[in-house]
Structures are given as structure tokens and as C-alpha cells.
Amino acid sequence: MLRIQNLQAGIEGREILKGINLDIKPGEVHAIMGPNGSGKSTLASVLAGRQDYIVTGGSVEFLGKDLLDLSPEDRAGEGLFLGFQYPVEIPGLSTTNFMKTAVNEIRKYRGQEALDAVAFLKMMKEKMALMEMEQTMLSRSLNEGFSGGEKKRNEIFQMAMLQPKLAILDETDSGLDIDAIRIVANGVNKLRNKDNAVLAITHYQRLLDYLVPDFVHVLYNGRIVKSGSKELALELEEKGYDFIRNEMHQEEEVS
Amino acid sequence: MDEKFSSIEQTVLSDYKYGFVTDIESDEAPKGLDESTVRFISAKKNEPDWMLQWRLKAFQQWLKMKEPDWANITYPAINYQDIIYYSAPKQKVTISSLDEIDPELRRTFEKLGISLNEQKRLSGVAIDAVIDSVSIATTFKTQLAEQGIIFCSMSEAIREHPALIQKYLGSVVPATDNYFAALNAAVFSDGSFCYIPEGVRCPMELSTYFRINAENTGQFERTLIVAEPGSYVSYLEGCTAPMRDENQLHAAVVELIAQDHAEIKYSTVQNWYPGDKEGKGGIYNFVTKRGICQAHAKISWTQVETGSSITWKYPSVILKGDYSIGEFYSIAVTNNRQQADTGTKMQHLGKNTRSRIVSKGISAGFSNNSYRGLVHVSRKAHNARNFSQCDSLLLGDKCGAHTFPYIEVKNNTSVVEHEATTSKVGEDQIFYCNQRGMDTETAVALIINGFAKEVMNQLPMEFAIEAQKLLAISLEGSVG
């Protein structure tokens, strides 16, 4: 589904990703962990098509297409979703109105007819129940005055509405208490099926207690330096990122 | 929603879709302005002598006055001798029914999306259509007359209802008020008159549609609305003009009179030709609008200003009667080289008077957008209250937003609040929308409409949709 080969990218002349390789197949959950500044959020931004980031090398193939060649909105149309670490606020724009536009723009991209108001509302009600959301949240301005938990829940609600093929969740767990993490992770679990995949970017292991990954990758200094099963996450939790740093230094000394 | 966005796409190539010219013969006054021009206009309209005298007095006033220069706008000096002050489409002198309107004219209004055909009109809106200097047609007159409502052109009102005109014309905006009001009083050619009798709630929206067609002409219309005690009326005006390389002058006067317990809701969607991307051409829009409220009366101004190369306009309310209410809701959009200096004056004279100002300025391109507002609380206005909110939104970094609030409070039991914010449409907001499948134009339209929502909500439903489209179109290509 997603094949990243030797991806190099940076911002304002500073190289951040120094050759990422990653393969994601339908039905899989991948977790990317790593210390601050290792390039986790840069990877998410580059995949979603944020313009400030410049790709300097490598390739990304998504469902048979050259992802890097597509505009951000076309990437969304193809089924790529980014759950933002810091969801933005848009005053005066209701979540309902925002979602209706998003859903129908994506349908248009896929050559589907726009949903009418009745079908749209039915879908909204269903997905809100999934995320244990209150009705009032949808008539409020998008993310304005939402608590951290509400914002992240709203991200997963949007994911539920848009039904992406690949969901990239950029530190969706940061700033959440344990109950909110459970609701968010359970929401993602309910949306999983054999045709879609999740790439979860996180600092901490605790999200992975609920959203169990098939693969865990450690990103360090712009490269994936270690990949493994979910046990790797536990090992990291126990030993901290220092053990990766030490391993890296040893390798450097050897070479 | 979908319809809205496809219409945006359609307009990508045609920046100003009302820019066509109708090829109709017109009957014009010679260029320039002196006493004979004033006499010419008055004679053309078969006016009684008192009206001519009123005009001549205003003309003498105007000669003594100076063009104001305090506004935050710059433009080359206007040559008042280079303007045609009267232009009327040539058609049969009297029309007995709407069917007899020149088909070319009728098509013009159809193109503008205005149907003059009463039978086919679905929504309950009565329209007075003014092209260049003359009112062409007023619809739904008979139905309105059954309730005693008068809705007709100003020329007709001068002939048919002289007592009302003599009593109220110039009573809120006297000819001496300002330079442009004096000019208008001398040379105004038409406009709308509306009278709602005591206790009557006008059953439909009343609307005037203004169009400047002929070249080198100025448009000087006057609107007068009188709402007798306990009555209610909602009124809307719309305006467009062809694309011309020369600047054209529009200097209108609107007067509103709300008697005890009456309510007037006045909405404007102003879309005069704004000039091209380099700032060539466009309408100079110098307008004086003011209403007076007697006890318990309410006047509410709502304006969506997207057109004109220069806008100079301050719809105001004199809160004379106790417990009267004034409101001003405004969205002013400037793009390319447009300049707007607009706002309001709320004059609290009566006790327990209240006013509310919500101004939303949106600037893009190289434009300048200023809010200028005065809240005045007089010595006797006990317990007066005002709330003002002025928000500015910037698109890009070459445009300007300015706020000039003036507050004069002479009564210490009053409460005046002022809030102001300035924000920029952020890359983050646009990227967030992009990531949800929307292109940048759509994203900007959503963000802008969110910003403007509070004012949009004040517009009558059918016009709100129109105004939303207009906002998106006006800002076409200003981001990205």
C-alpha cells in the first residue's frame, strides 16, 4: 500500500529525514517511535504534502501512485489521512459544515455523488456514537475552545467520516489522559479492517497497549534504526531511548 | 455547498461577472455641472417648483463646500465637470404595465438574476429597478398598496406624494450635511421611496436594484424610507456596474425614519465594479446613509461591501427616542487595489438607548481596509449601552487593515465596550483543510465564511447565499 524508499527531506535547508525505508501493507498497524527531534512529525508532514518541507531524494509510492507528485488534497482523495498533532482552530466554521465539505470534496475526487443532507446526518450520528462524542461539539466552531482531548477525539471522528486507506496518526496520544487515550485508540481499532492500515507516531508505549502494532520502528536522527514486533516498544519503554543512542554510538565506533 | 464551489470555479476566468454593457439608447444631459444642469434634471423629471428650489439651494451649498480629505483613502482629484449627471434609457414615455419594458433592458435585469416578472417571481420580494438615473420598474405595487404601503420611485413620489416628500426629504441627511450629500441633493435623479403606515408589517422584502450602465455618468440616487409607529419593513439594495477603464462616481443618500416602536432592517449587498487588478477603473462610492429612531424604535444596517474601487460610507443611527436600538453589521472586503474607509456613527441621545456594532474587514492583495466608527453618548442619554466589535482578517502580507474607533461619552451611567482583533488566514488552517480533501480556494472560502458568519446571519436568507458566493468570488486568486 505504502512504500517509502530512501526518503530524504528537510526544511529551510536543514536535512531532517536522511533516507527512510518503510513498507506498509493493507491490514497492518505500524508504530514509529523515537526521541524528540528524530524526524517523526517531519515524516508525517512530508507524507501529507506540507509545502514547507522539501523532498530532496527518494520515492514514496501509495496504492500504485507516486505520492510525492500529488497535491495535499489529492493525497486525501486517494485515501491518505493525517491525524494532526495540533489540530487547527477555524472560528465561525462549524465542525458539521467543515466535515460536509470534506466528505463531499473527497467523494467528488473519487467520482462519487455528493451525499445529501439526510445521508450525511445519518453517517455523522453513527460515527459520533463510535467516538462517544456529544452532539453539541459538532455545532461549535471547528476546534475552537476544544480541550486537548476533544480535539484529538475530533481528529479520529474525522477519520471515521472519511474512511481513509492509510491513517497517519501524529502523536494523537500526546497531552491526553489515560481515559482519553483509550477512547481514541478504541475508535481507531473499530475502524480497522483488512483493507486499511495505520501508521501511528508516538513517544510512549502506552498508546500501543490499546492500539496493538504489528511492527514497531525506531526513528533516530532521520533514519529508521531498528524495527521489530510490539515487544520492541516495551523494551524501549523499559530502557529509554538512551539504549538506542548507545547502540548507535557503538556502531559508529565500530565502523 | 457543492453548487457554491462550482460557481467559484466558473468565475475563475471572469473576475467580475456583471461587467457587461447593455446597448440601449440613452437620453443624456450634457457633461458638466452648473445651475442649468440642475434645472435640466428637474425639468426632465417634470418636477414641481418647490423641488427645483430645494435642489438649487443644495447646489449653492455645494459650491461653498470642500471635498472631505480625512478618510484613509487616496485617489486623484475628481473633475466634477467631466461627469454626465443625467442619463436615462430611452423608452416609451409612459409604461402602463411591466410587459412594455424595452426587451433589451429586461434582458439586462435577467442577466443580473433579477426577474421583473411578477408572475414568475417565487420569493416574496418586491423590486424597484434603477438603471443609470431612472427607475425602470417597480414590482408588486398593487399588492402592497392594499395595505397602504407605498413603494415607488423617488420621481413618482415627488409627483404623487408631495406632502410626505416635503416633510421627510432631507430631514435626516440635510443638504448641508457633507459635500457628497449636497451634491446628491442638487443632482439626484431617482431612487426609491417607501412608506409603511402605522402598525403595518410589510409582508415582503422590499428591494432596490441599482445599475450604472452609460459611460462617464455618475449615479446619484436617493432612498427614503418612512416607517410609521409600530410598523416593520425589511429592505435590501443591490448594485452592479459594467467594467469601464474610467472611474465612475456614485454618491447616494439614504434616509431612514423609524417612528415610535417601528423597525427598519436595511441590508446592502454592494458589488459595484471594483476596477481591475492594477486598480484601473472602478466606482468611487461616496455614500451617506443615516437613520433616526424615535422611542422604542429599531434600525439595523447590514452591509456586505465587496465592490467599488473606493468606498466611503458610514451608515449611522441617531438614537433620539428613549429605549431605541441601533445596529450595524458590516463585512467589507477589499482585494487588489481597492480602498475602503467604512464604519458607522451611533448617536445616543435618548435614555436607555442601545447600539451594537459588528464590523468584519477582510483585506487581500494590495488593498487597504479601514474601520472608522463613532459612538457618541450625549449628556442626557442615561443608561446608554454600546458594544462594538471590529475584527480584521488579512490574506497575504501586502494589504492593510486599520481601525479608527472614536468614543465620546458625556454621561457616566452609560456603558461602552470595544473589542478589536486582527488575524491572518494561516498556512496551517489552509493545510488542515487541504489534508481533508479541499483545494485552497475552497479552504479560503470556508475560513472567510466562518469569519463573516455573524454578519451573514443578519441577512435575509436568499441574499445570504448570494453574499456568500460574492465573498468567495471577490477573493478569487488572493491566496496560494
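Throughout, read-outs are computed from the coordinates displayed, never taken from laboratory work. Because the structure is a prediction, the values reported are computed rather than measured. Cβ: placed from backbone, ideal geometry, glycine included. Neighbour counts: every protein chain shown.
Within the shell defined by Cβ-Cβ distances under 12 Å, the residues around B:Pro229 carry a net charge of -4, with Lys and Arg each +1 and Asp and Glu each -1.
Taking +1 at the Cβ of each Lys and Arg and -1 at the Cβ of each Asp and Glu, which of B:Phe328, A:Met99, B:Ile318 sits farthest along the dipole of the protein assembly as shown towards its positive end, judged by Cα position relative to the Cα centre? The Cα lying farthest towards the positive end belongs to B:Ile318. Proximity of backbone amide H atoms, modeled 1.01 Å from N, is registered between A:Ile16 and A:Ala9, A:Gly10, A:Ile11 at under 5 Å, excluding neighbours fewer than 5 places apart on the same chain.
Inside 10 Å of the C-beta atoms of B:252-264, what's the mean count of C-beta atoms belonging to other chains? Could you put the intermediate results ahead of the total?
On the way: counts 0, 0, 0, 0, 0, 0, 0, 0, 0, 0, 0, 0, 0.
Mean inter-chain Cβ contacts per residue within 10 Å come to 0.
Our note on the geometry: Cα centres of segment B:344-369 and segment B:273-337, 9 Å apart. For the cross-link pairs A:Lys18/A:Lys226; A:Lys122/A:Lys152; B:Lys360/B:Lys453; A:Lys125/B:Lys469; B:Lys66/B:Lys320, the ones whose C-alpha atoms lie over 18 Å apart are A:Lys122/A:Lys152; A:Lys125/B:Lys469; B:Lys66/B:Lys320. Legend: calculated FRET efficiency, A:Thr96 to B:Ile407, from the Cβ-Cβ distance at R0 = 45 Å, rounded to 0.05, equals 0.75.
Could you tell me which of rounded, prolate or oblate describes segment A:30-96, using a ≥ b ≥ c as the square roots of the eigenvalues of the alpha-carbon gyration tensor, with rounded for a/c under 1.5 and, failing that, prolate when a/b is larger than b/c and oblate otherwise? Here segment A:30-96 falls in the oblate category. State which entries of A:Lys100/B:Lys280; A:Lys100/A:Lys190; B:Lys313/B:Lys380; B:Lys167/B:Lys280 exceed 32 angstrom in Cα-Cα distance in the structure shown. Cα-Cα > 32 Å for A:Lys100/B:Lys280; B:Lys167/B:Lys280; rest within. Each part reduced to its alpha carbon centroid, segment A:107-174 and segment A:206-255 end up 32 Å apart. The H on the amide N of B:Ala332, modeled in the peptide plane, is under 5 Å from the matching H of B:Glu305, B:Lys360, B:Gly361, B:Ile362, each at least 5 residues off or on a different chain. Compute the long axis of helix A:95-109 from its Cα atoms, compare it with the longest principal axis of the Cα atoms of chain A, and write down the angle in degrees, 0 to 90, nearest 10. Computed tilt is about 80 degrees.
Per-residue shielding of A:84-92, expressed as the average number of other chain Cβ atoms within 10 Å of the residue Cβ, stands at 6.
Counting Lys and Arg as +1 and Asp and Glu as -1 over every other residue whose Cβ lies under 14 Å from the Cβ of B:Asn184, the net charge comes to +1. Taking the Cα centre of the protein assembly as shown as the origin and placing charges on Cβ (Lys, Arg +1; Asp, Glu -1), which of A:Thr202, B:Ser378, A:Val225 is farthest toward the positive end of the dipole? Value: B:Ser378. Distance from the Cα centroid of segment B:439-465 to that of segment A:67-88 is 25 Å (rounded to whole angstrom). Working from Cα positions, state the angle (0 to 90°, nearest 10) between the long axis of helix A:117-130 and the longest principal axis of chain A. It works out to around 50 degrees.
How would you rank B:27-35, A:26-34, B:433-441, highest first, on the average number of other Cβ atoms within 10 Å across their residues? Before the final figure, lay out each step's value.
Values: B:27-35: 15.3, A:26-34: 21.6, B:433-441: 23.4.
By packing density, highest mean first, the sequence is B:433-441, A:26-34, B:27-35.
For chain A, the longest principal axis of the C-alpha atoms and the axis of helix A:148-162 are separated by about 70°.
Amide H to amide H distances under 5 Å link A:Glu28 with A:Val198, where only residues 5 or more positions off or on other chains count and H is placed in the peptide plane.
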